[in-house]
Amino acid sequence: MADRDTTGEGATPDAGGASAEDTAPRESWQIGASHRKVDAMERMRGVTRYTDDLKLPGLLHCKIKRSPHAHANIVSMDTSKAMAMEGVFAVVTGKDFPIPYGVIPWTPDENALCVEKVCHVGDGVAAVAAADEDTANAAIDLIEVEYEVLPAYYDPQDALAEDAVSINPWSRKGNNLSKDVVLEFGDPDAAIEGADLVVRGDYHFEGTTHAAIEPHCAVASVEPGSGVLTVWSATQVSHYLHRELAKVLEVPAHRIRVIQPPLGGAFGGKSEPFDLEFCVAKLSMMTGRPVKCLYTREEVFYSHRGRHPMKMSYETGFSKDGKITGVASRTFLDGGAYSSFGLVTTYYSGQLLCAPYDFPAYRFHSTRAYTNKPACGPKRGHGSVQPRFAMEIQLDKAAEQLGLDPIDLRRRNHIGSDRATINGLMVGSNGFLDCLGSVERRSGWVTRRPALGYGRGLGIAGSTYISGTNYPIYPNEMPQAAVQICLDRSGRARVFSGANDIGQGSNTMLAVITSEELGLPLEDIRVLSADSDLCPVDLGAYSSRITLMVGNACLDAAKKLRRKVCGAVAKRWEVPRKRVTLAGRRAIDIEDPERNVPLAEAFQWAEADHGLLGETGSYNTPKDRHGSYRGGTIGASPAYSFTAHLAEVDVDDETGVVSVERIWCAHDCGRALSRKIVEGQIEGSSYMGFGEAIMEEHLVDGAHSGVHAGPNLLDYRIPTSVDTPDIEAIIVEAPDAQGPYGAKEAGEGPLHSSIPAIANAIYDAVGVRLDRLPFSPPRVLAAIEERKAREASGELAPHKGNPGDEKRSA
């Protein structure tokens with residue numbers, strides 16, 4: 001179920017830098033409507049061709065041999081038996097990939113295949129190309145590897161010990177420190193010391209993985225004659241993959257083509273290159289035949305790049321009236337064996353906490369360590385979900401001790417709009433108060449919360465997130481996004497974009513913007529995306545950047561074409577251009593609607609005046625959104641979304657089972673370009689947060705040599721439709737001047753506060769604080785039994801009266 005709340009806060013955007021005539025208010029015919037995704041019917045009919053569906057003539061199959069050890073030197077490797085096997089065409093090892101890579105250019109600390117040592121169970125050491133998968137699997141079993149086993153570390157603080165053996169062979173520091181960040185703003189120690197109330201807490205957010213339905217897959221083929229290498233990959237960052245392929249394979253970038261076929265989910269798990277893409281490319285270059293590699297589900301788990309486990313300690317000072325006086329945090333991040341996005345994650349663990357609440361003073365110290373686990377990376381809400389969990393529980397603890405309503409305490413600390421955070425990040429529009437008010441009203445918080453009996457509870461939490469990173473991953477002055485649009489004289493439009501549609505609906509967003517400006521229905525617009533030979537460069541689907549950045553680029557191009565078409569029609573009608581509008585496949589005289597022509601005719605007039613009707617649009621970020629200190633650009637964004645979650649739970653105090661009955665999520669997306677897609681993103685994010693709260697944990701068993709505790713979708717539990725609570729998605733609109741039509745992100749922000757909202761609801765239900773995830777029945781039951789013992793001793797009063805009272809649900 002979904003609804004919309006609207007706030008007038010925020011300026012009307014001047015999208016695309018267009019003239020006053022182009023930005024004058026006009027009735028929208030597409031923006032804010034509900035649309036079916038442009039590729040929905042193909043997916044529903046089962047005719048969509050994913051990467052694994054590609055069948056090229058002469059296709060070979062690749063399999064990768066992986067390490068059984070968490071940490072070991074490679075003493076020797078013999079591939080001769082595999083190479084001699086019938087049906088095997090080529091074998092590659094780490095020696096074929098000596099150049100390290102990394103999605104962050106400052107931390108290239110990974111080889112396509114291990115060269116001298118392995119750093120976690122599942123690290124790739126060799127790969128084969130064979131006539132079929134069975135032969136490839138048999139061949140990798142014949143590869144003989146001799147290892148020298150080394151001590152392994154599964155906890156970041158153990159790995160940071162002075163006598164610990166260095167894990168990553170490319171680490172410049174010679175130890176297991178991946179990144180250490182200390183940033184201080186104001187005097188947090190004095191602010192906390194002088195506070196009326198100080199809340200201290202230790203929190204542990206266990207790692208989780210993405211669990212996308214489609215496993216990673218890649219196909220490579222070298223064109224005879226030209227030698228151009230084409231790689232089809234289930235990636236969400238085609239451009240960064242293209243760059244790293246050129247670097248590692250030492251092939252000029254203009255001789256590589258990267259195509260992203262339709263994707264079956266990613267959530268951050270396909271945000272960087274993986275070993276399979278390099279292996280199929282190299283094997284295809286060696287054999288002259290196309291090569292495919294499809295991960296097993298177990299390989300997906302060992303490739304990982306999921307959410308970092310974090311151990312967090314927080315101190316938060318409050319005045320008597322509930323205002324925050326200062327915040328200080330100490331965080332240890334378990335990074336796994338490689339850097340991935342870890343440099344950024346370490347900053348995000350502190351930088352993105354400074355809204356939606358005003359911090360007068362703040363310090364965070366975050367340390368990321370290498371461990372002998374699969375590398376952690378970005379998962380939906382990259383780097384800021386974990387600290388948000390801690391901070392929102394801190395606020396709830398303070399509200400209880402100060403005798404304040406938890407929603408009221410959050411209102412008192414609201415940062416507001418059009419101002420900088422304590423760490424210098426510029427917040428534009430801000431609909432957080434409307435988000436709080438929406439979930440408060442919809443849930444009946446004021447009347448129902450005090451009426452719910454023991455075992456039943458309501459919990460609140462809030463959050464913020466970026467609408468794209470203000471700077472690209474590798475420094476450059478070029479646009480972050482670009483779009484080309486071509487109009488056909490038949491009355492159709494073709495949109496070319498390098499953006500990766502990973503299921504979030506970015507192709508539909510581009511079609512909606514094109515439709516709004518050019519008057520075409522969505523079925524008359526074809527979006528071609530994520531093909532490096534056909535499309536302009538885009539940086540990929542990460543950090544919720546596409547709606548704002550690619551949307552602005554598309555709007556820029558579409559407005560240029562609109563001016564040409566409207567001008568051509570106005571010329572023939574002998575009226576000012578502003579009198580012509582485009583809608584419903586027609587060009588219409590606004591003052592005399594009876595005068596209109598089909599768009600196909602209008603396009604032909606414009607083509608006669610201007611030649612081929614094609615335009616480009618691009619977007620780059622403003623550079624005034626952050627502080628000037630080292631690290632000040634990390635966390636900066638053109639705009640920030642805001643979210644409030646309110647959860648209702650039922651807790652069985654005899655079993656510890658937590659049933660999340662309902663989640664209300666109000667999300668400030670600036671402006672909803674396509675209502676149904678925004679609602680879907682809110683629901684999907686809330687669902688994912690609910691799963692992480694109740695079920696999910698990506699565990700490596702140190703007692704059993706570093707193997708994954710359950711690398712499959714049976715043992716790694718995620719919620720089914722039966723488990724999932726009712727989710728009410730509430731769209732709040734606070735248009736931001738930086739976004740197309742005022743739009744901000746909606747893909748990741750609606751996840752963050754779902755987890756602490758559930759934690760706070762559990763406390764409201766049974767009086768136990770759960771500071772470690774997930775909230776599994778054994779963990780919840782142990783906390784309940786501990787509280788009951790303290791109640792029996794007289795240390796605590798019974799929560800909500802007699803636990804035996806009948807539960808009430810107002």
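The values are calculated or read from the model by the stated rules, or taken from the named source; none is laboratory data. Just so you know, these numbers come straight off a predicted model, no measurement behind them. When we count neighbours, we look across all protein chains shown, and the Cβ atoms used for this are built from the backbone with ideal geometry, even at glycine. Each accessible area value is taken on the protein alone, full model and side chains, heavy atoms only, with ligands, DNA and RNA left out. Shrake-Rupley method; radii C 1.70, N 1.55, O 1.52, S 1.80 Å.
Observations
- Å² per residue, accessible surface of the chain at 1.4 Å: 36 Å²
- For LEU197, neighbours were defined as the other residues whose beta-carbon sits under 14 Å from its Cβ, and their charges (Lys and Arg +1, Asp and Glu -1) total -1.
- Viscosity 0.692 mPa s, 37 °C: Kirkwood-radius Stokes-Einstein D of region 562-672 over Cα pairs, µm²/s: 166 µm²/s
- Relative contact order, whole percent, for the chain stands at 18, derived from Cα pairs under 8 Å and 6 or more residues apart.
- Label point distance in nm, ARG255-GLU162, each placed 7 Å from Cα along Cα→Cβ: 5.2 nm
- An ellipsoid equivalent to region 269-398, defined through the eigenvalues of its Cα gyration tensor, has semi-axes of 41, 12, 12 Å when rounded to whole angstrom and sorted largest first.
- Fraction of accessible area attributable to carbon and sulfur, region 319-405 (%, probe 1.4 Å): 50 percent
- Anisotropy class of region 679-810 from Cα gyration tensor, a/c 1.5 cut: oblate
- Stokes-Einstein D for region 567-619, Kirkwood Rh over Cα pairs, 37 °C, 0.692 mPa s (µm²/s): 283 µm²/s
- Extension gain for GLU785 to VAL446 (0.36 nm times residue separation, less C-alpha to C-alpha distance): 119.1 nm.
- Over 23 Å between alpha carbons, listed pairs LYS323/LYS744; LYS55/LYS282; LYS95/LYS270; LYS95/LYS292; LYS323/LYS800; LYS676/LYS744: LYS323/LYS744; LYS95/LYS270; LYS323/LYS800
- FRET efficiency, 1/(1 + (r/R0)^6) with R0 22 Å, evaluated for ARG526 and VAL47 via beta carbons: 0.85
- The solvent-accessible area of ARG772, taken with every protein chain present and a 1.4 Å probe, is close to 100 Å².
- Diffusion coefficient (Stokes-Einstein, Kirkwood radius over C-alpha pairs, 20 °C, 1.002 mPa s) for the chain: 77 µm²/s, rounded to a whole number.
- Region 216-327: proportion of alpha-carbon pairs further apart than 21 angstrom, %: 47 percent
- Residues SER628 and ARG489, FRET efficiency given R0 of 51 Å [Cβ-Cβ distance, rounded to 0.05]: 0.50
- Distribution of pairwise C-alpha distances over region 403-561, 10 Å bins, in %: 9, 28, 23, 20, 14, 6, 1
- P(r) tail fraction, region 201-279 - alpha-carbon pairs more than 16 Å apart, %: 54 percent
- Its Cα gyration tensor gives region 370-483 an equivalent ellipsoid; the semi-axes, largest first and in whole Å, are 34, 20, 14.
- Nearest-20 debye value, the chain charge dipole, Cβ charges on Lys, Arg, Asp, Glu: 1700 debye
- Percent breakdown of C-alpha pair distances by 10 Å bin, ordered from the shortest bin, for region 356-424: 15, 38, 31, 14, 3
- Each other residue within a Cβ distance under 10 Å of THR331 adds +1 if Lys or Arg and -1 if Asp or Glu, for a net charge of +3.
- Of LEU599, VAL649, GLY632, farthest towards positive along the dipole that unit charges on Lys, Arg, Asp, Glu beta carbons give region 590-657: GLY632
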